[in-house]
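Asks: Handing you a structure now.
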Amino acid sequence: MVKWWKGSTFYEIYMPSFKDSNGDGIGDFSGIISKLDYLKGLGVGGIWLTPFYPSPKVDNGYDISNYYAIDSDYGKMEDFELFIREAHKRDLRVIADLVLNHTSSEHPWFQQSKSSKDNPKRDWYIWRDKPNNWESFFGGTAWEYDKTTNQYYYHAFAKEQVDLNWANPEVKCAMFDVMKFWLEKGVDGFRLDVINFLKVNDLFSDNPYENGEQTHLFDKDQEGILSVISEIADFVHQYPDKFLVGEVGSEDLEILKQYSGLRMLDVVFNFNIGSIGEFDAKTLFQQLTATEDAYNKEQVPTLFFSSHDMSRHISRFGGDKGRAKLIATLMLMAKGVPFLYFGDEIGMRDWITDDISKMKDVQGIMGYQLALQAGKSHEEALLSANEKSRDKSRTPMQWNAQANVGFTDGKPWITIPKNANQVTVEEQLDNPASMLSFYKSLLKLRKKHVALQVGNYKLLRFKDGMIYFVRTNQAEKIVVALNFSEQAVSLKVEEGMKLLLSTKRTSFEGKNVLTVLANEAIILKGDISNDLIKEG
Ligand SMILES: [Ca+2]
Ligand SMILES: [Ca+2]
């Protein structure tokens with residue numbers, strides 16, 4: 001029996017930006033419910049919701065002030081429960097984003113902790129008389145002075161996101177209670193935020209520097225982290241069929257591979273593949289191969305190229321729609337669990353601001369301030385802020401030409417310029433040549449062919465700018481060729497292969513030479529009993 005998540009494609013919904021139902025410009029649960037049929041029609045099997053808990057939203061919900069409720073921007077608990085029922089009715093699973101590493105500074109636990117040195121919650125957070133040199137991942141020192149008790153508290157991210165002390169078993173128990181609560185509400189698992197940050201070095205040793213940049217040697221991936229994660233995994237997996245995906249903030253496969261597998265997380269995000277910056281087919285191929293080599297039989301990679309934390313891949317990789325289709329084919333046909341980011345399916349692009357007052361993301365704003373402090377001009381600081389800001393991929397879902405304005409506090413935040421790049425669901429829905437229709441075709445294929453869900457690679461190769469692979473299971477063999485180059489590339493295949501999908505042609509004559517056209521993505525189905533594709 002194939003585990004449900006191995007056959008699923010996930011769809012990330014960035015809560016504030018997906019679908020607003022009451023005209024305040026902020027996405028909400030009623031809005032998402034109204035689009036469940038759209039998601040079902042698209043063909044995804046799981047939904048990942050970014051945090052929906054009450055939060056001051058210094059970091060857009062990744063600063064939780066109450067783990068047991070729904071933020072009023074998104075609705076009420078009844079709306080959430082209705083959402084879960086309606087999603088399950090359509091066979092859509094739901095995973096909730098959960099932040100175990102830190103709470104909002106407004107969380108009552110922290111309010112109690114900071115009230116006095118002998119408060120029972122004091123040790124739930126990390127307090128020191130003197131800071132060490134650790135830097136926040138958003139820039140600046142990771143220690144904030146608190147005058148009430150004349151000590152410093154530790155925050156790996158913004159100062160309003162206070163790191164919990166996972167060395168304290170009470171913290172673990174409190175978080176297990178939180179997980180139990182949401183599992184019993186019906187969520188099908190969790191996406192665990194910055195999960196390799198739960199432990200810090202006991203001795204608080206200073207981090208080293210390399211080329212002027214701090215190396216985060218002692219504030220993540222510390223001793224004991226794997227056993228904590230194993231306990232979390234065992235706890236969640238007591239409930240049948242629950243799924244865990246971890247955000248392990250690293251592109252290093254040697255680190256990533258430690259966190260998934262038996263009695264660990266089911267999968268982690270493979271930033272080694274997903275966050276490649278400039279497009280390069282060879283680098284992409286090398287990362288796919290390296291992952292395949294590094295992982296054991298129990299481990300499956302994840303496939304994604306966009307998220308609420310990074311630039312949208314269509315923009316990052318040069319803006320070309322043909323290339324975006326090749327990337328889509330890779331995401332949905334290669335071995336791994338795909339995570340689409342909302343708007344990927346219509347080719348939504350990055351948004352860059354020329355007005356710093358419109359920037360919402362704490363990471364971008366910090367980048368701006370630090371650049372100014374370093375003596376940069378306003379223009380240079382804005383450039384640096386736009387690079388760091390994650391607002392670029394957080395603009396509202398472009399359902400139609402009207403849905404191009406984002407609001408914050410009741411005021412218009414952004415307007416997507418009306419130009420050739422403005423894509424909408426409305427204009428793509430009934431257009432067979434659209435990006436949306438292409439994604440639907442891919443998702444349909446993935447659902448139909450078990451080899452595309454769980455099949456291993458019989459072959460994974462690179463030739464003249466083309467990535468190609470063969471995936472098989474007992475009954476099927478599927479050949480996928482992705483020609484990222486500007487020249488046709490030929491391959492020897494067995495005779496009689498059948499065309500499943502191509503971005504450039506509607507038929508294939510079944511000869512034993514396949515000439516893959518420039519920028520073509522092509523998928524063929526063969527007979528498992530025949531010889532496999534040959535190199536040629
Ligand atoms: Ca709303
Ligand atoms: Ca931590």
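Asks: Please state which one of Ala69, Ala96 is surrounded by 15 or more Cβ atoms within 10 Å (Cβ to Cβ), of a type in the set (A, V, I, L, M, F, W, C) and touching a helix residue (DSSP H, G or I) at 6+ places or on another chain (Cβ under 9 Å).
Replies: When all the criteria are applied, what remains is Ala96.
Asks: Still on this model: Which is in contact with a strand residue (DSSP E or B) (Cβ under 9 Å, 6 or more places away or on another chain), within 14 Å of ligand 2 (Cβ to nearest atom) and charged (D, E, K, R), of Asp163, Asp146?
Replies: Among Asp163, Asp146, only Asp163 is in contact with a strand residue (DSSP E or B) (Cβ under 9 Å, 6 or more places away or on another chain), within 14 Å of ligand 2 (Cβ to nearest atom) and charged (D, E, K, R).
Asks: Test of understanding: among Phe462, Phe469, which residue is out of contact with any strand residue (DSSP E or B) (no Cβ under 6 Å at 6 or more places or on another chain) and of a type in the set (Phe, Trp, Tyr)?
Replies: None of the other options fit; the residue is Phe462.
Asks: Right, another one. Given the options Lys335, Lys392, Lys388, name the one that is surrounded by 15 or more Cβ atoms within 10 Å (Cβ to Cβ), touching a helix residue (DSSP H, G or I) at 6+ places or on another chain (Cβ under 8 Å) and modelled with pLDDT of 95 or more. Let's see the steps before the verdict.
Replies: Numbers: Lys392 fails: modelled with pLDDT of 95 or more; Lys388 fails: modelled with pLDDT of 95 or more.
That would be Lys335, the only listed residue that is surrounded by 15 or more Cβ atoms within 10 Å (Cβ to Cβ), touching a helix residue (DSSP H, G or I) at 6+ places or on another chain (Cβ under 8 Å) and modelled with pLDDT of 95 or more.
Asks: Taking Gly322, is it in a helix (DSSP H, G or I) and more than 20 Å from Leu39 (Cα to Cα)?
Replies: yes
Asks: Could you look through the stretch 42-65, keep only residues that are touching a residue at least 60 places away in the same chain (Cβ under 8 Å) and within 16 Å of ligand 2 (Cβ to nearest atom), and pick out the one that is farthest from Pro396 (Cα to Cα)?
Replies: Of everything passing the filter in the stretch 42-65, Asp63 is farthest from Pro396 (Cα to Cα).
Asks: Considering Phe204, Phe190, which residue is assigned by TED's automatic domain parsing to the domain that holds Asn66 and either more than 19 Å from Ala167 (Cβ to Cβ) or within 16 Å of ligand 1 (Cβ to nearest atom) (or both)?
Replies: Matching residue, one of Phe204, Phe190: Phe190.
Asks: Being acidic (Asp, Glu) and buried (at least 16 other Cβ atoms within 10 Å of the Cβ) is the filter; apply it to the stretch 170-205 and report the residue that is farthest from ligand 2 (Cβ to nearest atom).
Replies: Taking the candidates together, the pick is Asp188.
Asks: Separate question: Would you confirm whether or not the stretch 286-298 contains a residue that is within 17 Å of the chain's Cα centre (by Cα), of a type in the set (D, E, K, R) and over 20 Å from Asn196 (Cβ atoms)?
Replies: The answer is no; no qualifying residue exists.
Asks: Follow-up. Between a first residue in the stretch 154-174 that is in a loop (DSSP other than H, G, I, E, B) and a second residue that is among the polar types (S, T, N, Q) and within 16 Å of ligand 1 (Cβ to nearest atom), which pairs have beta carbons less than 8 Å apart while being 6 or more apart in sequence or on different chains?
Replies: As it stands, the answer is none, since no pair meets every condition given.
Asks: I would also like to ask the following. Here are Phe181, Phe190, Phe176, Phe197: which of them is in contact with a strand residue (DSSP E or B) (Cβ under 7 Å, 6 or more places away or on another chain) and hydrophobic (A, V, I, L, M, F, W, C)? First the steps, then the outcome.
Replies: Numbers: Phe181 fails: in contact with a strand residue (DSSP E or B) (Cβ under 7 Å, 6 or more places away or on another chain); Phe176 fails: in contact with a strand residue (DSSP E or B) (Cβ under 7 Å, 6 or more places away or on another chain); Phe197 fails: in contact with a strand residue (DSSP E or B) (Cβ under 7 Å, 6 or more places away or on another chain).
The unique qualifying residue is Phe190.
Asks: With respect to Arg461, determine if the residue is basic (Lys, Arg), outside the structural domain of Phe339 (by TED's automatic domain parsing), surrounded by 15 or more Cβ atoms within 10 Å (Cβ to Cβ) and not in a helix (DSSP H, G or I).
Replies: For Arg461, the condition - basic (Lys, Arg), outside the structural domain of Phe339 (by TED's automatic domain parsing), surrounded by 15 or more Cβ atoms within 10 Å (Cβ to Cβ) and not in a helix (DSSP H, G or I) - is met.
Asks: How many residues does the stretch 207-226 contain that are touching a helix residue (DSSP H, G or I) at 6+ places or on another chain (Cβ under 7 Å) and surrounded by fewer than 19 Cβ atoms within 10 Å (Cβ to Cβ)?
Replies: 1
Asks: Please name all residue pairs, on different chains or six or more residues apart, with Cβ atoms under 8 Å, provided the first residue is in the stretch 432-453 and is within 21 Å of Asp91 (Cβ to Cβ) and the second residue is among the hydroxyl-bearing types (Ser, Thr, Tyr) and in a helix (DSSP H, G or I).
Replies: Final answer for the pair search is Leu442/Thr329.
Asks: Scanning the stretch 85-111 for residues that are closer than 20 Å to Asp20 by Cβ and part of a helix (DSSP H, G or I), which turns out nearest to the chain's Cα centre (by Cα)?
Replies: Ala87
Asks: Can you find even one residue in the stretch 84-97 that is in contact (Cβ under 8 Å) with a residue 40 or more places away in the chain, within 16 Å of ligand 1 (Cβ to nearest atom), hydrophobic (A, V, I, L, M, F, W, C) and not assigned by TED's automatic domain parsing to the domain that holds Phe138?
Replies: No, because not a single residue in the stretch 84-97 is in contact (Cβ under 8 Å) with a residue 40 or more places away in the chain, within 16 Å of ligand 1 (Cβ to nearest atom), hydrophobic (A, V, I, L, M, F, W, C) and not assigned by TED's automatic domain parsing to the domain that holds Phe138.
Asks: So Phe138 passes all but one of these: (1) under 22 Å from Val58 (Cα atoms); (2) among the hydrophobic types (A, V, I, L, M, F, W, C); (3) buried (at least 22 other Cβ atoms within 10 Å of the Cβ); (4) in contact with a Lys or Arg (Cβ under 7 Å, 6 or more places away or on another chain). Which condition number does it fail?
Replies: Every condition holds for Phe138 apart from (4).
Asks: Find the residue count for the stretch 36-76, including only residues that are within 16 Å of ligand 1 (Cβ to nearest atom) and over 20 Å from the mean Cα position of the chain (by Cα).
Replies: Of the residues in the stretch 36-76, 9 are within 16 Å of ligand 1 (Cβ to nearest atom) and over 20 Å from the mean Cα position of the chain (by Cα).
Asks: Among residues belonging to the stretch 12-41 that are acidic (Asp, Glu) and over 22 Å from Asp309 (Cα atoms), point out the one that is farthest from ligand 2 (Cβ to nearest atom).
Replies: Across the stretch 12-41, the extreme among qualifying residues is Asp37.
Asks: Filter the stretch 24-35 down to the residues that are assigned to a helix (DSSP H, G or I) and touching a residue at least 40 places away in the same chain (Cβ under 8 Å), then identify the one that is nearest to the chain's Cα centre (by Cα). Don't jump to the end; show me each part of the working.
Replies: As a first pass, look at the stretch 24-35 and keep what is assigned to a helix (DSSP H, G or I): 29-34.
Next, only the ones that are touching a residue at least 40 places away in the same chain (Cβ under 8 Å) stay: 29-30, 32-33.
Values: Phe29: 20, Ser30: 23, Ile32: 18, Ile33: 21 Å.
That would be Ile32.
Asks: Of all residues in the stretch 339-385, count the ones that are of a type in the set (A, V, I, L, M), buried (at least 21 other Cβ atoms within 10 Å of the Cβ) and in contact (Cβ under 8 Å) with a residue 40 or more places away in the chain.
Replies: 4
Asks: Oh, and also: Counting just the residues of the stretch 475-519 that are in a loop (DSSP other than H, G, I, E, B) and in contact (Cβ under 8 Å) with a residue 40 or more places away in the chain, which one comes out nearest to Ala433 (Cα to Cα)?
Replies: Per the stated criteria, the residue is Thr503.
The values are calculated or read from the model by the stated rules, or taken from the named source; none is laboratory data. Keep in mind it's a predicted model, so treat the numbers as computed, not measured. Positions of Cβ are backbone-derived with ideal geometry, glycine not excepted, and every protein chain shown enters the neighbour counts.
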